[in-house]
Amino acid sequence: MDDFETNRRRLAARIAQWTGDTEQHTPAVAGLTLHRHTYAGPPFNCLMEPAIAVPVQGEKQTRLGSEVYSYDKHRFLLTSLDLPVAMQVTQASLDAPFLIAVLRLDSRVISDIVMETGLPLPRERTANGPAMVLGKTTPGLLSALDRLIGLLDEPDLLPVLGPLAQREIFYRLLRSEVGNHLWQMASIADQNQSIARAIDWLKSHFREPLSIVELAARVGMSGSRFHHHFKRLTSMSPLQFQKWLRLTEARRLMLVNGSDASTAAYDVGYESPSQFSREYARQFGEPPRRDMTGRAAPAIAEPATAATSSVR
């Protein structure tokens, strides 16, 4: 058995141990979540935070705009901005559940590593596509994740060794083929940082009328440049992004709080329930009332306003 398979099996056993019979375990490690799914389910919408998602068993797909990213034990998914996506486990069973470790990216820690190590700039500093990429899972990355999760068995060591284990993971990513995406997070002058600030503003103010010119000025960009780079990174225009946030939050309000369609529409900033119904049907495939029929549990993990619906 080679190093990759040995490390993969060991990490899979740790994730299975900590998730048990549940779908998610959130340990006492900042930004780390462990997930287990025993069946392939329908896609669900969420706002995916900057993170690395490393499956060790099964397969998953994430759709960003028209692009579909499939990842499994050989490929991890990395995103460097909060992105509106549709996610779906495509391969899982009771005997071989989908198992994945997800670690949120910390731009300040990544910046510190860049400055402390003097890593050379990647040859392709700026990615030309969306702020999402697939990378090759290596034995070293699996081993580093295993060391981090292994510290859960020694909680007294976590405060000191936990941050060191996370730094190793980030350092390995910086040196990998996806390193340019982390460089973008680390560079305070990068245009991606301006888009990240705009997304943060939209998450908190999506109910308000949106002026592209004012939002662009808020993050120090011209209107046309802002629109171009926003769509390049998120696969949506700023207005489409705001609409996605509104519709996703409205759906959550109806599913979780039992709000009717009109109330949910007004709560998220719509002035016309009929417009809300039309746009909702285009987004989710059914008008609000029909979409709610027969649903007993939310399809959205957490409020879009909190932007904490991370990879699962």
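Identify all lysines with a Cα-Cα distance to residue 73 below 21 Å; exclude those on the same chain that are fewer than 8 residues away in sequence.
60, 136
Would the stretch 3-186 count as rounded, prolate or oblate if I go by the C-alpha gyration tensor, calling it rounded below 1.5 in a/c and otherwise prolate when a/b exceeds b/c, oblate otherwise?
oblate
Along the Cα→Cβ direction, 7 angstrom out, place labels at residue 16 and residue 75. What is the inter-label distance in nm?
Between residue 16 and residue 75, the label points sit 2.5 nm apart.
Give a residue-ordered list of calculated ³J(HN,Hα) values for the stretch 203-214 (Karplus: 6.51 cos²θ - 1.76 cosθ + 1.60, θ = phi - 60°; whole Hz; x for Gly, Pro).
Karplus values, whole Hz, x for Gly and Pro: 4, 8, 10, 5, 6, 8, x, 10, 10, 4, 4, 5.
Subtract the Cα-Cα distance of residue 217 and residue 28 from 0.36 nm times their separation in residues, and report this length gain in nm to one decimal.
Details: separation 189, 0.36 × 189 = 68.04 nm, distance 3.93 nm.
Residue separation times 0.36 nm, minus the Cα-Cα distance, leaves 64.1 nm.
From Cα pairs below 8 angstrom and at least 6 apart in sequence, can you work out the relative contact order of the chain, rounded to a whole percent?
On the way: 533 pairs, mean separation 59.1, N = 312.
Averaging sequence separation for qualifying contacts and normalising by length gives 19 percent for the chain.
Per 0.36 nm of contour for each residue apart, how much would the distance between residue 237 and residue 201 grow if the chain were fully extended, relative to their Cα-Cα spacing? The partial results should precede the final answer.
Numbers: separation 36, 0.36 × 36 = 12.96 nm, distance 1.47 nm.
Stretched out fully, the residue 237 to residue 201 stretch lengthens by 11.5 nm.
Quick check: net charge around residue 234, other residues with Cβ under 14 Å of its Cβ, Lys/Arg +1 and Asp/Glu -1? Intermediate results must be reported in sequence, preceding the final value.
Values: positive: 63, 197, 203, 231, 232, 243; negative: 49, 67, 82, 200.
Summing Lys/Arg as +1 and Asp/Glu as -1 gives +2.
Within the stretch 272-290, list the residues whose amide N lies under 17 Å from a label point set 7 Å along Cα→Cβ of residue 63.
Counting backbone N atoms under 17 Å from the label point, the list is 279-287.
Mind checking which lysines have their Cα closer than 22 Å to the Cα of residue 243? Skip sequence neighbours fewer than 8 apart in that chain.
Counting by Cα, and skipping residues close in sequence, residue 243 has these lysines nearby: 203, 231.
Please name which of 96, 170, 221 has its Cα lying farthest along the dipole of the chain towards the positive end, using unit charges on Cβ (Lys, Arg +1; Asp, Glu -1) and the Cα centre as origin.
Value: 221.
Determine ³J(HN,Hα), in whole Hz, for all residues of the stretch 271-281 in sequence, where each value follows from phi through the Karplus function 6.51 cos²θ - 1.76 cosθ + 1.60 and θ = phi - 60°; x replaces Gly and Pro.
Each residue of the stretch 271-281 in turn: 9, 10, x, 5, 5, 4, 4, 5, 5, 4, 5 Hz.
Once you list every other residue whose beta carbon is under 10 Å from the beta carbon of residue 250, what net charge do they have if Lys and Arg are +1 and Asp and Glu are -1? All intermediate terms of the calculation are to be shown ahead of the outcome.
Working: positive: 246, 251, 252; negative: 249, 267, 279.
It works out to a net charge of 0.
Please work out the C-alpha center-to-center distance from the stretch 219-277 to the stretch 1-43 and express it in whole Å.
33
Counting only residues 5 or more places away or on other chains, whose amide H sits under 5 Å from the amide H of residue 137 once H atoms are built in the peptide plane?
Under 5 Å from the amide H of residue 137 lie the amide H atoms of 75, 76, each far enough along the sequence or on another chain.
What distance in nm separates the two pseudo spin-label positions at residue 160 and residue 9, each 7 Å out from Cα along the beta-carbon direction?
Here the answer is 3.4 nm between the modelled labels.
Where a number appears in this text, it was derived from the coordinates with a stated rule and is not lab data. Please read all numbers here as calculations on a predicted model, not as lab measurements. Cβ sites come from the backbone with ideal geometry, for glycine too, and all protein chains shown count toward neighbours.
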